[in-house]
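Participant: Dropping the structure in here first, questions after.
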Amino acid sequence: MKPRYQTIRFILGDQLSHGLSSLTDADPDRDLIVMAEPRYELQYVPHHRQKIVLILSAMRHFAADLRDQGFQVEYYDFENRPTTSFTEALKSAIASYGIKQVVITAPGEWRVLREIEKWPENLGIDVDLRPDDRFFSELDAFTEFAQNRKELRMEYFYRGLRRTTGILMEPDGKPVGGQWNFDHDNRKRLPDDVSLPTPKTFAPDQITQELLDQANEAFPGAVGDIASFGWAVTRKEALIALDHFIAHRLPSFGDYQDAMTVKSATVYHALISPYINIGLLLPDEVCRAAEQAYYDGKSPLNAVEGFIRQILGWREYVRGLYWYLGPDYGDGNHFDAKRSLPAFFWDANVPMNCLKQAIGETLDNAYAHHIQRLMVIGNFALLAGLDPREVCEWYLAVYIDAFEWVELPNTFGMALYADGGKMASKPYAASGKYIDRMSDYCQECQFNPRKNTGPDACPFNALYWHFLDRNADTLGKNPRLGMPYRNWARMKDETKRDLISQAEAFLTKLEGGNLGSGDNAKPTQTSLF
Ligand code: FAD
Ligand code: DLZ
Ligand code: SF4
């Protein structure tokens, strides 16, 4: 007798889109769906508990949708049908159903791609590996873009995508508003009396609640708190979150895109990256919704262009870069940075208030917004010479939206410049004066951002000069760093000596774990929503 199912459609945890390339021609009469929660995926880094709960809950809801559509779903959950790997789950399904053909959409990371590539030989099956077309750009288009230039820069890739998609474009091929980029309007500090809108929250249903109840015991090695969990776990909820952002937060997104405050963990950010990354929302519909808000007169152009650039520009660019630069991108260490990750990355017990806020919120919520990730935590890791591997692993673990294709270029390339400039034209290094300008963190800090030396001097200041001085060989000729190197050259030798010894004393304390506690700093925002 001919077996009922001829093909397995294997769906990964970040492929929860009904229009997925591996599902478009699926037929409940012929195709068996396989999904799994393998031990390795739950543990390859110490994921934040909220990240695990979100992915597993969204997967379980997606499986339920497919069952409602008439599909048979073989679901290997971590508790009742434990597996070690995707391969083991697939092997088990093959053994039960005797199927010899698997259709799968390309995964989001090299590691999983390498695993899938072994299936034909190791399992004796045919694998139909389909492109992931949930992006604006095909990977070949990035290769073509990259091969024709000396330097890879997001701005040019972004302009190309504006042209091909027509998003925020006039019929004559010019950008709407006469400019491609409104970044210079998007650097305002928050007014003191601002009242920030809370993001949309979702009460856990039974599937999510069950996972939340298990989260503290069931996931060995996992980190972070679950109390603030309010994430959407279905497409329907994610669409509500998107509408809420467009109506209530997008209008001010641009002005305060780079602002940070002790009053809010989210400012005007969208909180939609996890939904786009796991497939509950598509980048195209998100950008079109923002564009429409501009045409309807509900949001200004600097907000809409700034927001669209994050998705159509940065998100597409980092994805192209990740696959273009290959599986070894992340192995280098441009500055030879070797210092271990300090313990306070795991408990936020640090006296520097900006770090306490950004790391504390990360551990509480599995979220920090871009400027906290880049200009506080990433900047510190860069200036203090922390080992890129340890830093990248931390970022991959703790953020709700972290998948290697997007986390690695952002951390290794943008924040740490560990790739020597493949991703960014200069390191995003900044002193405490930048943090003071863009936040209210320094007002509550025991250090003074205007002081460079002495016991109450902001550590970022001396570290900034120490970083430039120790890397003068590699960075001194970078035209974008001409000004700070000229300032350094103009300083008196004595001033330079004081700054270097201030930074070295700090680094010695850091290595010894003796920075002191963050007990007298303000508690962090434990409520995300
Ligand atoms: P918003 O600020 O509201 O932005 C809107 C959307 O734009 C985001 O949802 C996201 O989809 C996209 N976006 C914005 N910036 C970027 C960017 N640099 N790269 C790719 N997409 C972007 N983003 C991730 O999705 N996963 C990660 O693991 C991740 N790691 C990061 C690590 C570092 C060191 C840095 C500096 C940035 C990282 N980002 C990452 C990018 C960015 O910080 C997050 O996408 C953003 O904070 C998500 O929150 P939001 O939805 O509120 O974003
Ligand atoms: C990150 C993650 C986690 C925590 N759990 C699962 C899971 O249980 N099942 C699954 O299919 N995927 C999970 N993922 C995502 C994977 O680690 C990996 O990033 C993607 O499969 C790449 O496309
Ligand atoms: Fe951070 Fe320095 Fe400001 Fe303190 S003074 S919050 S350490 S930038």
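Participant: Past 28 Å, Cα to Cα, is the threshold; run 51/451; 200/356; 422/492; 338/422; 426/492; 188/451 against it and keep the listed order.
Facilitator: Over 28 Å Cα-Cα: 51/451; 422/492.
Participant: Classify the stretch 343-511: rounded, prolate or oblate, from the alpha-carbon gyration tensor (a ≥ b ≥ c, eigenvalue square roots; a/c under 1.5 rounded; otherwise prolate if a/b is larger than b/c)?
Facilitator: Here the stretch 343-511 falls in the oblate category.
Participant: With a 1.4 Å probe and every protein chain left in place, work out the accessible area per residue of the chain in Å², rounded to a whole number. Could the numbers behind the result be given before it?
Facilitator: Details: 22050 Å² over 529 residues.
Dividing the accessible area of the chain by its residue count gives 42 Å².
Participant: Let me ask another. Let me cross-check residue 112: its accessible surface, 1.4 Å probe, with only protein heavy atoms counted, in Å² to the nearest 10?
Facilitator: That residue has around 10 Å² of solvent-accessible surface.
Participant: If I take every Cα pair under 8 Å that is 6 or more residues apart in the chain, average their sequence separation and divide by the length, what percent do I get for the relative contact order?
Facilitator: The normalised contact order for the chain reaches 17 percent.
Participant: Follow-up question, since we're still on this one. Could you order 74, 210, 217, 237 so the one with the most accessible surface comes first? Probe is 1.4 Å.
Facilitator: Details: 74 20, 210 90, 217 145, 237 40 Å².
Sorted descending by solvent-accessible area, the residues read 217, 210, 237, 74.
Participant: Once the whole set of protein chains is in place, how much accessible area is left on residue 392, using a 1.4 Å probe, in Å² to the nearest 10?
Facilitator: Roughly 10 Å² of residue 392 is accessible to a 1.4 Å probe.
Participant: Here's something else I'd like to know. Using 15 Å as the cut-off for backbone N distance, which residues of the stretch 4-19 belong to the label zone defined by a point 7 Å from the Cα of residue 92 along Cα→Cβ?
Facilitator: Counting only backbone N, you get 11.
Participant: Also: Expressed in nm to one decimal, what extension gain is obtained for the pair residue 144 and residue 121 from 0.36 nm per residue of sequence separation less their Cα-Cα distance? Write out the running numbers ahead of the final one.
Facilitator: Working: separation 23, 0.36 × 23 = 8.28 nm, distance 3.17 nm.
Stretched out fully, the residue 144 to residue 121 stretch lengthens by 5.1 nm.
Participant: Given a cut-off of under 8 Å on Cα pairs at least six residues apart, what relative contact order in percent is computed for the stretch 343-511?
Facilitator: Values: 198 pairs, mean separation 30.4, N = 169.
Relative contact order here is 18 percent.
Participant: Arrange the peptides 501-514, 318-331, 126-139 so that the one whose residues have, on average, the most other Cβ atoms within 10 Å appears first.
Facilitator: Sorting 501-514, 318-331, 126-139 by mean packing, highest first, produces 318-331, 126-139, 501-514.
Participant: Hey, could you pull the Cα Rg and Dmax for the chain, both in Å?
Facilitator: Both quantities, over Cα of the chain: 23.9, 88 Å.
Participant: May I ask you to compute the full-extension gain from residue 451 to residue 426, defined as 0.36 nm times their residue separation minus their alpha-carbon distance, rounded to one decimal in nm?
Facilitator: 6.5 nm
Participant: Given a cut-off of under 8 Å on Cα pairs at least six residues apart, what relative contact order in percent is computed for the stretch 7-130?
Facilitator: Computed over the stretch 7-130, the figure is 33 percent.
Participant: For every helix of n ≥ 4 consecutive DSSP H residues, a contribution of -39,500 (n - 2.57) applies; sum these over the chain, divide by its total residues, and give [θ] at 222 nm rounded to the nearest 500 deg cm²/dmol.
Facilitator: Result for the chain, helices only: -12500 deg cm²/dmol.
Participant: Moving to a separate point now. Quote the accessible area belonging to residue 47 in square angstrom, nearest 10, computed with a 1.4 Å probe and with ligands, DNA and RNA left uncounted.
Facilitator: About 10 Å², ignoring ligands and nucleic acids.
Participant: Mind checking the dipole of the chain: about its Cα centre, +1 per Lys or Arg Cβ, -1 per Asp or Glu Cβ, Debye to the nearest 20?
Facilitator: Dipole size: approximately 1420 debye.
Participant: OK, next. Assigning unit charges at the beta carbon (Lys, Arg +1; Asp, Glu -1) and nothing else, what dipole magnitude in debye, to the nearest 20, does the stretch 343-511 show about its Cα centre?
Facilitator: Dipole of the stretch 343-511, to the nearest 20 debye: 940 debye.
Participant: Just to verify a number: FRET efficiency for residue 247 and residue 472, C-beta to C-beta distance, R0 = 56 Å, to 0.05?
Facilitator: Values: r = 50 Å, r/R0 = 0.89.
Efficiency at R0 = 56 Å is approximately 0.65.
The values are calculated or read from the model by the stated rules, or taken from the named source; none is laboratory data. If you're wondering where the values come from, they're calculated on a predicted model, not measured in any experiment. Because the Cβ atoms are built from the backbone with ideal geometry, glycine has one as well, and the counts that use them run over all protein chains shown. Protein only, heavy atoms only, side chains kept; ligands, DNA and RNA dropped before computing areas. Shrake-Rupley method; radii C 1.70, N 1.55, O 1.52, S 1.80 Å.
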